[in-house]
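The values are calculated or read from the model by the stated rules, or taken from the named source; none is laboratory data. Keep in mind it's a predicted model, so treat the numbers as computed, not measured. So basically every Cβ, Gly included, is an ideal-geometry build from the backbone, and we count neighbours across all protein chains shown. Quick note on the areas: whole protein, heavy atoms, side chains included, nothing else; ligands and nucleic acids left out. Shrake-Rupley method; radii C 1.70, N 1.55, O 1.52, S 1.80 Å.
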There are 2 protein chains.
Amino acid sequence: MPVTIKVNEETFTPRQQAVLTAALDLLVENGDGLTMTAVARRASCSKETLYKWFGDRDGLLTATVQWQAAKVRMPVVDRSHLNAKALRLSIEQFARDLLTVIVGEVSVTLNRTAVTHAAQEKDSLGLIVLENGPLAIRRRLKPILEAGRDARLLRFDSSEDAYRTFFGLVVRDVQIRLLLGDKALTQSNIEANIEADVKAATDQFFALYGAKANNA
Amino acid sequence: MPVTIKVNEETFTPRQQAVLTAALDLLVENGDGLTMTAVARRASCSKETLYKWFGDRDGLLTATVQWQAAKVRMPVVDRSHLNAKALRLSIEQFARDLLTVIVGEVSVTLNRTAVTHAAQEKDSLGLIVLENGPLAIRRRLKPILEAGRDARLLRFDSSEDAYRTFFGLVVRDVQIRLLLGDKALTQSNIEANIEADVKAATDQFFALYGAKANNA
DNA sequence: CCGCTGGCGTACCGTACGGTACGGTTCTAG
DNA sequence: CTAGAACCGTACCGTACGGTACGCCAGCGG
């Protein structure tokens, strides 16, 4: 019952990772209709093993989400020599990574699962996704923004506000529409426009927070 | 089995509305742990009646979501005489309404339910929420934006892009964090800042799309 | 007063699924 | 070769819940 909280570098054996992969696949395919029996069959393992390793269904779900979420690694941009061009490229890269991740099928599935979970006062999954999603972005983006400000390339009072504006400009209504299953947003449809959207968002961000207003 | 699709003005009797209210209350309280038995008990009606009226569980859920979603009515702003001040007030009002709705407990619950539903290729609820949420905003906002453009108060190529930017600037990361159950966002916490956020978003929107850049 | 319809309450059924038990098999250690 | 651990496969149990059946009462037209 007291499932060992997998804090951070919980190392899963390859076999366990295979199980988690199977679980994730099932999650992506069948939505939250994830069955212990189904996972066991897909992973060619016994249910007893599942319970031995992960405690219960929630434990398996948590491990899966956590394990996958931790794999999303935003590239760290170096903020050593910051000129205008480098800053812009960094921001743009952030926007690109953010959009690419959010649009991905895995991300949509994970977010849906976490939201579902949060709808039953079991907020553990929600917190994990939150931590590895928006908050991770924030942690990584803020230093860059502040470096930009120190270099007089950006202008803002609160880096928190700047980050949230950035998030809004990039994500817009895409994520919620994907979560709600908007058929008008096909994968290919979005991916084709990612570059344009990234550029637009970056332009807008600099228009709002650039030290000198640039009317692109 | 063929649940009659409640297209639009499906008039529910007062008794039925009471049932739907009960269902909505349970949804808000217990998340998606909505049980037919629980609804019947709460509404003091029999399960048989529920099935007679709504067909099955999904039918009840759909009716509830649809009925509630339809109650969210954005005030229509008159776009007869558009000066800069009136336009700004309209936009601001939109931002305020949008944020207020999105932040509300009912909205969070409905969106969570719809997302959960969408996670099981049953996208009906997702479509309903989508239709009455983001898309409703879009339908109502676009004419105003275009009127603003025609009056040379706004400048943009695509009203679609302008709408989406507006959405992003207003909503930012608030909705997804609420859906994921972020404890740092308490109801009161947000509501206290709504006015400031609304003003900031409006300022930013006009900075990006105003005919003349105003450096507020 | 009689019968009928609508709806309440409850008991009931079937099933799906979380969780457990157990026999059989492979692998490793000594 | 033997003992034991790990694990697979499967059968099994308990329960929760969607959905149905039925008995009962209230209101109402005749």
*How many of the residues making up region A:183-216 are crowded, with 20+ Cβ neighbours inside 10 Å and of a type outside the set (Ser, Thr, Tyr)?*
7
*Of the residues in region A:26-65, how many are near DNA strand D (Cβ under 10 Å from one of its atoms), open to solvent by less than 50 Å² (accessible area, probe 1.4 Å) and among the aromatic types (Phe, Trp, Tyr)?*
0
*Among the numbered criteria (1) farther than 20 Å from A:Ile176 by Cα; (2) acidic (Asp, Glu); (3) in the same structural domain as A:Leu185 (by TED's automatic domain parsing), which single criterion is violated by A:Asp123?*
(1)
*All positions within region B:37-58 that are under 23 Å from B:Val108 (Cβ atoms) and without any contact (Cβ under 8 Å) to a residue 60 or more places away in the chain*: B:Ala38, B:Val39, B:Arg42, B:Ala43, B:Arg57
*asked:* Given the criteria within 28 Å of B:Ala63 (Cα to Cα), more than 9 Å from chain A (Cβ to nearest Cβ) and of a type outside the set (S, T, N, Q), does B:Ala136 qualify?
replied: yes
*Residues being touching a helix residue (DSSP H, G or I) at 6+ places or on another chain (Cβ under 7 Å) and either open to solvent by less than 10 Å² (accessible area, probe 1.4 Å) or farther than 30 Å from B:Leu26 by Cβ (or both): count how many of those fall in region A:120-160.*
17
_All positions within region B:34-52 that are part of a loop (DSSP other than H, G, I, E, B) and at negative phi_ = B:Leu34, B:Thr35, B:Cys45, B:Ser46
*Which members of region A:143-164 meet the condition of being under 19 Å from A:Glu92 (Cα atoms) and within 13 Å of chain B (Cβ to nearest Cβ)?*
A:Arg155, A:Phe156, A:Glu160, A:Asp161, A:Ala162, A:Tyr163, A:Arg164
